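Right, one structure below, let's go through it.
The values are calculated or read from the model by the stated rules, or taken from the named source; none is laboratory data. All values reported here derive from a predicted model rather than from experimental measurement. As a convention, Cβ positions derive from the backbone with ideal geometry for all residues, glycine included, and neighbour counts pool all protein chains shown.
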Amino acid sequence: MTLSHFSAVLLFSLFTSIVFGITQRAEPKKMVRLGALCFALFVVGTIAASWAMWLIKH
Amino acid sequence: MTTKVQEPAAAGGKTGSRAAAASGASPALALLAGWLVPGAGHLLLGKWVRAVLLMVSIVGMFAIGIALQGKVYTPNTGEPLDMLGFAGDLGSGLLYGLARLLGWGQAPVLVAVADYGTKFIVVAGLLNIVAAVDAHSLASGRKPS
C-alpha cells in the first residue's frame with residue numbers, strides 16, 4: 001500500500017478527530033463540533049508546519 | 001407532601017449509572033473490553049453508534065499502519081524509545097497480539113511512508129486507551145452520557 005504524504009495527513013486527522021470528538025464531549029452536537037475543529041487544526045497545522053520548514057530551509 | 005429536588009451532579013451520575021445498570025456492565029468490565037477490542041466498551045453500554053465509529057477509526061488506523069509496513073514494537077529491545085513505542089502498541093489490545101502472532105510489522109523500516117505506518121500503529125493504541133477510559137467513565141457515571 002502506498003499513500004501520499006497529504007493523504008496520510010488526511011487519514012490520520014480523520015481517525016484521530018473522530019476519537020477525540022466522541023471521547024471528549026458528552027453531547028452528539030458538541031462531539032461533531034470538536035471533531036471538525038480537531039480535523040481542521042490537524043490539517044491546517046500540518047500545512048503551516050510544512051511551509052515553516054520549507055522557509056527555514058530556503 | 002414531599003418535593004423531589006435533583007442536583008445537577010447527582011443527575012449526571014445517575015444517568016451514567018442507569019446506563020451501566022441497564023447494560024449490566026461494570027466500569028472495570030467496560031474498561032477491559034474496550035482495551036481488548038476497540039469500541040467493545042461502548043458496545044457493552046449500548047452506545048453502538050459510538051462503538052462502531054471508534055472501532056472503524058482505531059482498527060482502520062492500525063490496519064493502515066500495517067499496510068504501510070510500519071513497525072510493531074517488541075518489549076525486549078532495551079531502547080527507551082522502543083519501550084515507549086511498545087507501550088503505545090500494547091494499547092491496541094488483541095490487535096497487538098494478533099499482529100505479533102501473525103508476524104506483522106517485523107520488516108525493517110526503510111522508507112518515510114513506513115515510518116508513518118509505525119506512527120499510525122502507535123497512535124491507534126493510544127487512541128484505544130482513551131476510548132477504553134471513556135467507556136469506564138460512562139459506566140461509572142463520571143461522564144453523564
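Can you tell me how many residues within the range B:57-73 are at the interface with chain A (Cβ under 8 Å from one of its Cβ atoms), within 24 Å of B:A30 (Cα to Cα) and of a type in the set (V, I, T)? Number of matching residues: 1. For the range B:76-103, a residue qualifies if it is within 18 Å of B:G34 (Cα to Cα) and not in a helix (DSSP H, G or I), and the qualifying residues are B:G91, B:S92, B:G93. For the range B:93-119, the set of residues classified as at the interface with chain A (Cβ under 9 Å from one of its Cβ atoms) and not hydrophobic (A, V, I, L, M, F, W, C) consists of B:Y116, B:G117, B:K119, listed by residue number. Taken together, the criteria place A:L55 among residues that are part of a helix (DSSP H, G or I) and not basic (K, R). Here B:L90 meets the list (1) under 20 Å from A:F20 (Cα atoms); (2) within 14 Å of chain A (Cβ to nearest Cβ) almost entirely, failing just condition (2). Of all residues in the range B:93-107, those satisfying the criterion of being within 25 Å of A:S17 (Cα to Cα) and either free of Cβ contacts under 8 Å to residues at least 12 places away in the same chain or hydrophobic (A, V, I, L, M, F, W, C) (or both) are B:L94, B:L95, B:A99. Here B:S145, B:S140 are screened, and the one residue that is closer than 17 Å to B:G41 by Cβ and more than 9 Å from chain A (Cβ to nearest Cβ) is B:S140. Within the range B:100-145, the set of residues being at pLDDT 90 or above, β-branched (V, I, T) and more than 14 Å from the chain's Cα centre (by Cα) comprises just one member, B:T118. Filtered by the rule that a residue be more than 8 Å from every other protein chain (Cβ to nearest Cβ) and either among the hydroxyl-bearing types (S, T, Y) or surrounded by fewer than 21 Cβ atoms within 10 Å (Cβ to Cβ) (or both), the range B:120-132 gives B:L126, B:I129.
Tallying residues that are on the phi < 0 side of the Ramachandran plot and assigned to a loop (DSSP other than H, G, I, E, B) within the range B:25-48 yields 6. Looking at the range A:37-58, I want the residues that are surrounded by 12 or more Cβ atoms within 10 Å (Cβ to Cβ) and have a partner that is assigned to a helix (DSSP H, G or I) with Cβ atoms under 6 Å, at least 6 apart or on another chain. Which pairs are those? Short answer, once both residue conditions are applied: A:C38/A:S17; A:C38/A:F20; A:F39/A:S13; A:F39/A:S17; A:F42/A:S13; A:V43/A:S13; A:T46/A:V9. On inspection, A:L14 qualifies as in contact (Cβ under 8 Å) with a residue 12 or more places away in the chain and not aromatic (F, W, Y). Number of residues in the range B:49-69 that are outside any helix (DSSP H, G or I) and either under 18 Å from A:S13 (Cα atoms) or among the charged types (D, E, K, R) (or both): the value is 1. Checked against the criterion of being of a type outside the set (S, T, N, Q), within 29 Å of B:L138 (Cα to Cα) and touching a residue at least 24 places away in the same chain (Cβ under 8 Å), the range B:67-86 has at least one qualifying residue.
Rundown of residues vs (1) of a type in the set (V, I, T); (2) more than 9 Å from chain B (Cβ to nearest Cβ); (3) touching a Leu at 6+ places or on another chain (Cβ under 7 Å), yes/no style:
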site	(1), (2), (3)
A:M1	no, no, yes
A:S7	no, yes, no
A:I22	yes, no, yes
A:E27	no, no, no
A:M31	no, no, no
A:L34	no, yes, no
A:C38	no, yes, no
A:T46	yes, yes, no
A:A52	no, yes, no
